Structure formats: C-alpha cells, structure tokens
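Enquirer: First the structure, then my questions, so here it is.
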Amino acid sequence: MEKIMQGRMDRGFQRYQKEYEEKALEVLRSGWYILGKEVENFENEFAKYVGTDYSVGVANGLDALWLAFRVLGIGKGDEVIVQGNTYIASVMGITINDATPVFVEPNEYYQIDADKIEEKITDKTKAILVVHLYGQAAEMDKITAICKKHNLKLVEDCAQSHGACFNGKMTGSFGDIGCFSFYPSKNMGAFGDAGAITTNDPELARLVKIYRNYGSEKRYYNMVVGANSRLDEMQAGLLRVKLTHMEDITKEREQLAAVYDKGINNPKVIKPLVAEGATSVWHQYVLRVKIESGEDKAAERDRFKAYLEENGIMTIIHYPIPPHRAQAYEYLNLPEGSFPITEEYAKEVISLPIYTGMTLEEQQRVIDCVNSFE
Ligand SMILES: *Cc1c(COP(=O)(O)O)cnc(C)c1O
C-alpha cells in the first residue's frame, strides 16, 4: 500500500510543470539573478493580490518578521503581544530585535483570543503580532479596534494564510506590515526559500528595501546595519507563475477540507472550526484527539498518530512544544502551566495529509482510517 504523505509537493509542481519550466529557463537565460525585473514584477503583482499598495520581497518568512519589527522601531524594552500556540519563527521575529514576546491564549479556532488581549497590554506594549494559524484569518475586527484604541502597531504573520480573508479583506492588508513566507510547503510555496512583506506605507516599504540589501539604497552608501535578505529572480519568477493559479490552489484546498469535514465522524476527534466572518485557506487540517478524563493527552494523540502511520498515513504535529516551553526561551521563565490552553493544544493537535493534487481515493483512505480508530 502506497504511503500517503502529509504535505507532498511534487503534484503541485506537476500540475503547472510546463509553465514553471519555461519560466526557469527564461530566468536562467536572462543573465540577471538577484533583484531584477522578476522581483519587481512579483512585488507589484503580489501587492495587488493582497490588496496593499506595496510589497517587498525578502529571503524568507523569518526575515520578513524581524525586518518588520526593525523598521517599525520595536526593540529592547518593548513588548509585543502574540498568541502562545504559534510556530517559533513568529516569536523569533520579535526576540531577534531584543523585544519581549507577551503570550496570549488561543480560542477554539486556534487563533489569538482577542478577548484576552487587553489584559496583557502594559505601557511597554508596542505592537500585536497576529498569526493567522493553519490558514484561518484571526478576528481582525476586534484586533484592529484594540490596536486603534491603544495606539499599537499591528503586524500580521501570514506565512500560512495566503488568500485567507476576514469580512472579505485579505490577511496581510490589515496591519502596518504583513509578513509572508513562501517556503515550499506553504500554500503559496516557492522552490526554495522566499518571503515578502506587504504594507500601505511607502516609508516602511522603502526601509525594508534598504534593510534587505546591507542597509543601502544607493550602492556603497550604507545607512543602517542591514541584512542580506534579497529575493532572487528564480524564486520571484516561479512565484509569479504560482500567483496566477492561487485562486484554484485555494479552491482545491477548500474542497479537500470539505471532504474531511463530511467524512470524519469518529467521536474521539474534534474537527477544525472556522469563525464567523473568517475564511480558511486550509494550510493545515488540524484535528484534536479527545480523551477520557485522567488519560494522558499527548499519549493518546501519539497512539492515534502511530495507528495512522501503521496504515501508511503520515501526519505532523503543529506544534508539539509551544514557544514559551522551548529551550531557546528558557530565559523568559514561563514554566509548564503558564498557558494551559496553549499547552493542552500542543498535546492534542495532529495535522492530516492535505496537499495540491490529493485524490479522493487518498482522502477516503485517511477518512476510513480516522473513523476506525478506537
Ligand atoms: C513558516 C512560518 C514562518 C517562517 O517562514 P520561513 O520562510 O520558514 O522563514 C513564520 N511563521 C509561521 C506561522 C510559519 O508557518
């Protein structure tokens, strides 16, 4: 029996193979490989897609995040509010700048619980970092209102949410800066590392362009200590091809999620929910494994994972260790029990296979296996 991978990428390539190969040859033959017309065109097309005035390509999603806080002037002594159950890169974007992450528990949609943000605001709070986790838009009406009321900057981590909307407006267009990753496994994956920021502020766009290229706007005139975080022509060209297909890519994932929603009926698992006003682009389809009281949550989830694997179905845990419990953040002194909901989710969640080109037969195998777990 063939294994079903959790997030295979070959079929996404094969679907538009001819277009990718033509573009790759075009770039190879152009004789120009870093920051050229492909990057410039990609930036314009991506900004238009998201609905912002500007987009600036960078080397990856983490760089998009830390550069965002850098150009907003957020650093030592400043606090940034972020949800506890995110990928660690979100938090590193804050701490690379020596700012302090202040965690907030998630709601039942796995997004930051907007009703628990205000109690965390202090006179040091400078910004909120919203992560649209697993592809679902967070409650942006409440969050933008909080930012306005308390005069906070808003940064969005859209690494998993390309195309997701709240009340019809796309993620990455609400905040001062939107941060995107095009890591190959993301919904809008490149064929290597890539990232971008989006913004409506011409000065912030200009500053990111300066920072991504050694802090220089004009060659050899270095204004600030910057980074080498340039997007290359090959990735930008290939991303331009993918961007023209994003509507179909997203629609397909919505259909895949709908098939899971309809087919999965094992009372031992909790299916993902989408909040009123939000859409999900289903970067992940995340279940939670329920337990009888007294059982070890993580052990039960791991038994479920092993059962699927025995049947040739690969899954991934997003994420088994919450950032506040990572060794890297021991210095924050946040012991086990600091964020009970975040910690509970880390023990219960499991992401089913979902990818471009997944067949109905493959999904049926997953569904039958999930439903037969006892
Ligand atoms: C992938 C990811 C990042 C980091 O993106 P890279 O391109 O891998 O640096 C940041 N935040 C979230 C939520 C992610 O999923």
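The values are calculated or read from the model by the stated rules, or taken from the named source; none is laboratory data. Everything numeric here is computed off the predicted structure, so don't read it as measured data. Every residue, glycine as well, gets a Cβ built from its backbone with ideal geometry; the counts of neighbours run over all protein chains shown. SASA here: full protein model, heavy atoms, side chains in, ligands and nucleic acids out. Shrake-Rupley method; radii C 1.70, N 1.55, O 1.52, S 1.80 Å.
Enquirer: Would you work out the charge dipole size for the chain about its Cα centre, treating the Cβ of every Lys and Arg as +1 and the Cβ of every Asp and Glu as -1, and quote it to the nearest 20 debye?
Expert: 780
Enquirer: So, for the range 11-243, what is the accessible surface per residue at a probe of 1.4 Å, expressed in square angstrom?
Expert: Computed with neighbouring chains in place, this is 41 Å² per residue.
Enquirer: I need the calculated FRET efficiency for the pair residue 251 and residue 271, taking r as the beta carbon distance and R₀ as 22 Å, to the nearest 0.05.
Expert: 0.65
Enquirer: Give the Kirkwood hydrodynamic radius (Å, one decimal) of the range 246-372, defined as one over the mean of 1/r across all pairs of different Cα atoms.
Expert: Averaging 1/r across every pair of different Cα atoms and inverting gives 16.0 Å.
Enquirer: For the pair residue 3 and residue 45, what calculated FRET efficiency results from E = 1/(1 + (r/R0)^6), where r is the Cβ-Cβ distance and R0 = 30 Å, to the nearest 0.05?
Expert: According to the calculation, E is roughly 0.25.
Enquirer: Next question, about the same structure. Could you tell me what percent of the DSSP beta bridges with both partners in the chain are antiparallel, to the nearest 5?
Expert: So the antiparallel bridges amount to about 60 percent of the total.
Enquirer: Continuing with this model, one more query. Of the listed pairs 48/209; 271/297; 76/116; 251/297; 3/271, which have alpha-carbon separations greater than 28 Å here?
Expert: 251/297
Enquirer: Which value in deg cm²/dmol, rounded to the nearest 500, describes the helix-derived mean residue ellipticity at 222 nm for the chain, given -39,500 (n - 2.57) per DSSP H run of n ≥ 4 and division by the residue count?
Expert: After summing the helix terms and dividing by the residues of the chain, the value is -11500 deg cm²/dmol.
Enquirer: Still on this structure, please answer the following. Select from 366, 314, 293 the residue farthest towards the positive end of the dipole of the range 246-372; place +1 on Cβ of Lys and Arg, -1 on Cβ of Asp and Glu, and compute about the Cα centre.
Expert: Going by the charge dipole, the pick is 293.
Enquirer: While we're on this one: Give a residue-ordered list of calculated ³J(HN,Hα) values for the range 360-374 (Karplus: 6.51 cos²θ - 1.76 cosθ + 1.60, θ = phi - 60°; whole Hz; x for Gly, Pro).
Expert: Ordered by residue, 3J(HN,Hα) equals 4, 5, 5, 5, 5, 4, 5, 4, 4, 5, 4, 6, 8, 5, 10 Hz.
Enquirer: Expressed as a whole number of Å, what is the distance separating the alpha-carbon centroids of the range 326-342 and the range 21-51?
Expert: Result: 42 Å between the Cα centres.
Enquirer: So if each residue of separation counts as 0.36 nm, and I subtract the Cα-Cα distance between residue 201 and residue 359, what length gain in nm does that give?
Expert: That pair, residue 201 and residue 359, stretches by 52.6 nm at full extension.
Enquirer: Which percent of the accessible area of the range 11-243 is formed by carbon and sulfur heavy atoms (probe 1.4 angstrom)?
Expert: Taking all protein chains in place, the range 11-243 shows 50 percent carbon and sulfur surface.
Enquirer: Next up: If I compute solvent accessible area with a 1.4 Å probe over the protein chains, what percent of it on the range 246-372 is carbon and sulfur?
Expert: 52
Enquirer: Can you quote the Å³ per residue value for the convex hull of the Cα atoms in the chain, rounded to an integer?
Expert: Considering the Cα atoms of the chain, their hull volume per residue is 138 Å³.
Enquirer: Another question, if that's okay. Under a plain spin-label model, where a point goes 7 Å from the Cα along Cα-to-Cβ, how far apart in nm are residue 222 and residue 119?
Expert: 4.7
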